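The values are calculated or read from the model by the stated rules, or taken from the named source; none is laboratory data. All values reported here derive from a predicted model rather than from experimental measurement. As a convention, Cβ positions derive from the backbone with ideal geometry for all residues, glycine included, and neighbour counts pool all protein chains shown. Just the protein is used for accessible areas: all its heavy atoms, side chains included, with ligands, DNA and RNA removed. Shrake-Rupley method; radii C 1.70, N 1.55, O 1.52, S 1.80 Å.
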Amino acid sequence: MTLVYSGLLKGHRNWVTALVCPQGDSTTKVVTASRDCTMVAWRGAERHSIEGAYAVPEKRLEGHSNFVSDVAISNNGDYAVSSSWDGSLRLWNLKTGETMRKFKGHTKEVFSVAFSPDNRLIVSGGRDGKINVWNINGELMYTIDKDAHTDWVSCVRFSPAANMSLVVSGSWDNTVKVWSLGDYKCVFTLKGHTAHVSSVTISPDGSLCASASKDGKIKLWDLSRGEHLYELNCDEPVNQICFSPNRYWLCAATETRIRIYDLENKSLEGELIPEVPEGIKSKPQCVSLCWSADGTVLYGGYSDNPLRPYTAPEEEAALKCPSKTPGVLLQTAYLVPFSFKQLPAPATP
């Protein structure tokens, strides 16, 4: 399997801090958030050669007065919710680009936000150390404070499994916590990182959680038992991680590259290193990652402001034009539906 670099997508004036792709049919390819205080909804572009842009800005969503730190999309692709360093959340209509609701309840910067699988709840976390649960009308329903994190909350994510009302959070206190929204209690506290947790993500079937840290480690956890399975060593701080929706892969955005791990073999499958113009001494960092729902495009948001899509080779081949910039050879790809529960159990010491 080869991923092919498909050009720069320019639409922001500062770091692309967060990315999210619609899960169903939508004219919107991806929604991006940035330190330029805006979000951009991108639509697919008609490409006749690899020189053509993979997507173009369709709407710019403006309203936040400080960095936009995170963004999530409803399952039907019509709405987005954003978090910002201005201390607020906003609910957006992606068809009109207008703010529908403004959520106020955090006392400091908000770092992360997520939609529940049924689109009825929104969870957020931030510098005040709080995890807030909201309804879609912008009403604060609950603040989780029992067994709470003791430092900033860097990332919050809902389990995608419809039968599991779970939220996973990562924090600057170096821990990951698993919360039940049925009773707002902490189910597990997952320890082992030696620096702050920068990102958490949950496998598509809800069975696994992965956490990444500035200690350069990615840890895999069994969500049903709260057990540590194994770790992957990136040898440098990790900014964000995400599971592939249709392969046994975990992708990590680190300081110098995107690393793609094969979870079945617990091995590094490939790396994506950005091209930079001649004369530029330092390479940009990938600070955000997201797969398209069908797993054919991996989007990376970078510290030099553009978005870089990496596409499956069949998409580039359809253009009948050789790629000007090769991707990284990624060997075996699993293109059939699967469950992460099929992964082999870790060896017993």
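Side notes on the structure shown:
- In a DSSP loop and with at most 14 other Cβ atoms within 10 Å, the GluC sites (Glu not before Pro) in region 61-148 are Glu139.
- A simple spin-label model places pseudo-atoms 7 Å from Cα toward Cβ; at Thr150 and Asn66 they are separated by 2.5 nm.
- Residues of type aspartates and glutamates that Lys102 reaches as a straight line, Cα spacing below 14 Å, ignoring anything fewer than 8 places off in the same chain: Glu62, Asp86, Glu139
- Heavy-atom accessible surface of the chain: percent carbon and sulfur, 1.4 Å: 48 percent
- Of the residues Asp118, Asp70, Asp25, ranked by 1.4 Å probe accessible area with the largest first, the sequence reads Asp25, Asp118, Asp70.
- Environment charge at Lys283 (Cβ cut-off 13 Å; Lys +1, Arg +1, Asp -1, Glu -1): -3
- Most mobile of Glu278, Glu58, Glu231 in a GNM of the chain (Cα contacts under 10 Å): Glu278
- 13 Å Cα-Cα reach of Lys281 towards aspartates and glutamates, excluding residues that sit fewer than 8 places from it in its own chain: Asp304
- Rolling a 1.4 Å probe over the protein heavy atoms leaves Thr175 with an accessible area of roughly 20 Å².
- Remark: accessible surface ordering of Leu3, Leu268, Leu166 (largest first) is Leu268, Leu166, Leu3, probe radius 1.4 Å.
- If you run the Gaussian network model on the chain, springs between alpha carbon atoms under 10 Å, then out of Tyr310, Tyr248, Tyr184 the most flexible one is Tyr184.
- Here the spin labels are modelled as points 7 Å beyond Cα on the Cα-Cβ line, and at Asn137 and Thr96 they lie 1.9 nm apart.
- Sites matching trypsin sites (Lys or Arg not before Pro) across region 192-242 that sit in DSSP coil, with at most 13 neighbouring C-beta atoms within 10 Å: Arg225
- Dipole of the chain [Lys/Arg +1, Asp/Glu -1 at C-beta], most positive-end residue of Tyr302, Gln285, Ile122: Ile122
- Alpha carbon centroid spacing (whole Å) that separates region 12-72 from region 104-124: 20 Å
- Extension gain from Asp118 to Asp78, taking 0.36 nm per residue of separation minus the Cα-Cα distance: 13.0 nm
- Accessible area (Å², 1.4 Å probe, nearest 10) - Arg101: 90 Å²
- Choice from Ser203, Ser224, Ser213 with maximal GNM fluctuation in the chain (Cα, 10 Å cutoff): Ser224
- Computed FRET value (nearest 0.05) for Asp25 with Ala161, which takes r as the C-beta separation and R₀ as 25 Å: 0.65
- By the rule of a C-alpha distance below 13 Å, with chain neighbours fewer than 8 residues away ignored, the aspartates and glutamates paired with Lys95 are Glu58, Asp78.
- Mean accessible surface per residue for region 230-288, computed with a 1.4 Å probe while every protein chain stays in place, in Å²: 41 Å²
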